[in-house]
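*Asks:* What follows is a single structure, and I will ask about it in a moment.
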Amino acid sequence: MVDVVFWALVVLATITGLVTAWALGANSNSPPFAPAIGANAISTMRAAFLIGILAALGALTQGGSISETVGAGLIDGVQITSLAATAGLLTATAFMAFGVYTGYPVPAAFATTGAMIGVGLSLGGAPVFDTYRRIATFWVLVPPVSGGLAYLTATLLRRDDIPETVGVPLLAAVVGGIVANVELSVIPAPPGATQNSLAGFLAMLVPLPGVTVVGTLLAAAGSFLFIRRRTQASVDKGIKTFLVVLGSVVAFSSGGSQVGLATGPLENLYRAELGLPALVLLAVGALGILGGAWMGAPRLLQATSREYAQLGVRRSIAALVPGFIIAQLAIALGIPISFNNIIISGVIGGGLAGGSAGVSRRKIGVTVGFWIITLVSSIGLGFALYRAFAVVLA
């Protein structure tokens, strides 16, 4: 009887995790390709297909660090059981569903982090204040950093003395240099490491000082030349190419940064209780994200692409470049983030470069208010929901 209950909870927790990943794939991974669709650089269905593939690959190759933080780094002294994982995921999914159906800006990272803290405290665990401070500091810095980078990017693109045949390739060089240093689990790594970057792999092949820097510069130069040739042949086609490339790397980063919100609560169940490797759990999350992107993203893409078309190409690029940089930094640090938080901040920063953010102070205040309400109330709901489950099953 005990085994039947255990496996029933395993199935329930897994299904809940898949639903959460599906919701993330349908909503959080759509913004990267919206500017390209708005600029008629790619069709909606093709973009949805690419989003699913790229986000799933990002989840498989980069999702481990954030998954571990959400699953084991938020509470001390207890292990997240299958029942607790289910309660936490249901709480987070409920908040995300509320945001989708009401249109209120509910960040998935805030909801999931709060829910897992709530169920952990309900289990009798102790808060990990150092981790909370680190996460909170990152969250607080996201809006000014994202907005500031977007402002600088939009300013560069608006300068009359810097033609688009130079400004856009320069941004491509920055993106290419960062891509060369993105650590992935599929790249051969040195002994004792599980991930490596292209620049790091080059340093393994050629063990000389400064090879990593050379690899980074080569990737940046290659990206610059590719986009420059495209923009010289046709500025419009060159910008559209960059929008598709930028959307691709941001969608990949989105999958890596978001999958942990769905798989983190299942970390103890899959790795400690079931003894399965981390890749199996990430594959479950990647499958959910893939399904959500293919089934739910087209409708959202059509709506968001119209919004980005109104923003203009420069402001769209300015919003996505910081999104890529911050998402990769969050993955490297293992910090759960709200991708929509980054994009919204980038849109505001890019708008300020033109003299107006295009977003009212009231709307900004409402957005920040809902972020705080989401975090606090998800802690309480996660705590209460686990207690209710425990009482019923007891």
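The values are calculated or read from the model by the stated rules, or taken from the named source; none is laboratory data. Keep in mind that this is a model prediction, so the values were computed, not measured. Every residue, glycine as well, gets a Cβ built from its backbone with ideal geometry; the counts of neighbours run over all protein chains shown. With ligands, DNA and RNA removed, areas are computed over all heavy atoms of the protein, side chains included. Shrake-Rupley method; radii C 1.70, N 1.55, O 1.52, S 1.80 Å.
*Asks:* Taking the square root of 5 times each eigenvalue of the Cα gyration tensor, what semi-axes in Å does the equivalent ellipsoid of the chain have, largest first?
*Replies:* Three semi-axes, in Å: 36, 24, 18.
*Asks:* Considering only C-alpha atoms, what is the centroid distance from region 104-139 to region 152-174, in Å?
*Replies:* 38
*Asks:* For residue 49 and residue 186, what does the FRET efficiency come to when R0 = 25 Å and r is the distance between their Cβ atoms, rounded to the nearest 0.05?
*Replies:* 0.75
*Asks:* Separate question: Which net charge results when you count Lys and Arg as +1 and Asp and Glu as -1 among the other residues whose beta-carbon is under 15 Å from that of residue 276?
*Replies:* Net local charge, residue 276 excluded: -2.
*Asks:* Can you give the net charge of the other residues whose Cβ lies under 14 Å from the Cβ of residue 41, counting K and R as +1 and D and E as -1?
*Replies:* +3
*Asks:* Using a simple charge model, +1 on the beta-carbon of Lys and Arg, -1 on the beta-carbon of Asp and Glu, nothing else, what dipole does the chain show about its Cα centre, in debye to the nearest 20?
*Replies:* Using only the charged Cβ atoms, the result is roughly 1120 debye.
*Asks:* Moving on. Ranked from the most accessible area to the least, with a 1.4 Å probe and all protein chains present, what is the order of 204, 116?
*Replies:* 204, 116
*Asks:* Express the accessible area of the chain per residue in Å², computed with a 1.4 Å probe while the remaining protein chains stay in the model.
*Replies:* Accessible area per residue, the chain: 43 Å².
*Asks:* On to the next question. Would you kindly calculate the translational diffusion coefficient of region 166-229, applying Stokes-Einstein with the Kirkwood radius from alpha carbon pairs, for 4 °C and a viscosity of 1.567 mPa s, and quote it in µm² s⁻¹ without decimals?
*Replies:* Result for D is 107 µm²/s.
*Asks:* Okay, next question. Assuming R0 = 56 Å, what is the FRET efficiency of residue 5 and residue 221, from their Cβ-Cβ distance, to the nearest 0.05?
*Replies:* Plugging the Cβ-Cβ distance into 1/(1 + (r/R0)^6) gives 0.40.
*Asks:* With a 1.4 Å probe and every protein chain kept in, tell me what percent of the accessible surface of the chain is carbon plus sulfur.
*Replies:* 68
*Asks:* Can you give me the distance in nm between label points at residue 236 and residue 166, each placed 7 Å from the Cα along the Cα-to-Cβ direction?
*Replies:* A separation of 2.5 nm, rounded to one decimal place.
*Asks:* Kindly point out which whole DSSP H helices in the chain project their C-alpha atoms 15 angstrom or further along the helix axis while averaging a Kyte-Doolittle hydropathy of -1.0 or above.
*Replies:* 2-27, 44-62, 82-102, 108-122, 129-158, 164-179, 211-233, 235-263, 278-311, 313-333, 339-352, 361-393
*Asks:* Continuing with the same structure: Mind checking region 81-165 for trypsin sites (Lys or Arg not before Pro) that DSSP puts in a loop (not H, G, I, E or B) and that have at most 15 other Cβ atoms within 10 Å?
*Replies:* When the trypsin sites (Lys or Arg not before Pro) of region 81-165 are filtered for loop state and at most 15 Cβ neighbours within 10 Å, 159 remain.
*Asks:* Per DSSP H run of n ≥ 4, the term is -39500 (n - 2.57); total these for the chain, divide by its residue number, and report the mean residue ellipticity at 222 nm rounded to 500 deg cm²/dmol.
*Replies:* Helices in the chain give a 222 nm mean residue ellipticity of -26500 deg cm²/dmol.
*Asks:* On to the next question. In nanometres, what is the gap between the two model label sites at residue 387 and residue 78, each 7 Å from Cα along Cα-to-Cβ?
*Replies:* Going by the 7 Å Cα→Cβ label model, 1.1 nm.
*Asks:* Please work out how much length the chain gains when fully extended from residue 152 to residue 364, using 0.36 nm per residue of separation minus the C-alpha to C-alpha distance, in nm with one decimal.
*Replies:* 74.3 nm
*Asks:* Once the mean 1/r over all distinct Cα pairs of region 75-176 is inverted, what Kirkwood radius in angstroms do you read off?
*Replies:* Evaluated on region 75-176, it is 17.0 Å.
*Asks:* Rank 169, 108, 180 by how far each Cα sits towards the positive end of the charge dipole of region 105-196 (+1 on Lys, Arg Cβ; -1 on Asp, Glu Cβ) and give me just the farthest.
*Replies:* 108
*Asks:* What FRET efficiency comes out for the pair residue 211/residue 276, r = Cβ-Cβ distance, R0 = 45 Å, nearest 0.05?
*Replies:* 0.80
*Asks:* Going toward the positive end of the dipole of region 121-223, with +1 on Lys and Arg Cβ and -1 on Asp and Glu Cβ, which of 126, 195, 138 do you reach last?
*Replies:* 126
*Asks:* Ok, one more. Take the chain, connect every pair of alpha-carbon atoms lying under 10 Å apart with a spring to form a Gaussian network, then pick out the residue of 365, 351, 147 with the largest mean-square fluctuation.
*Replies:* The residue with the greatest mean-square fluctuation here is 365.
*Asks:* Calculate, in nm to one decimal, what residue 130 and residue 204 gain on full extension: separation in residues at 0.36 nm each, minus their alpha carbon distance.
*Replies:* Once the chain is fully extended between residue 130 and residue 204, it gains 23.2 nm.
*Asks:* Over the heavy atoms of residue 3, what accessible area does a 1.4 Å probe trace out, to the nearest 10 Å²?
*Replies:* 110
*Asks:* A further question follows. Is the shape of region 215-288 best called rounded, prolate or oblate, per the rule: a/c under 1.5 gives rounded, else a/b larger than b/c gives prolate, else oblate, with a ≥ b ≥ c the square roots of the Cα gyration tensor eigenvalues?
*Replies:* It comes out prolate by the Cα gyration axes.
*Asks:* Also, I was wondering about something else. What distance in nm separates the simple spin-label points at residue 102 and residue 193, each placed 7 Å from Cα in the Cβ direction?
*Replies:* A separation of 4.5 nm, rounded to one decimal place.
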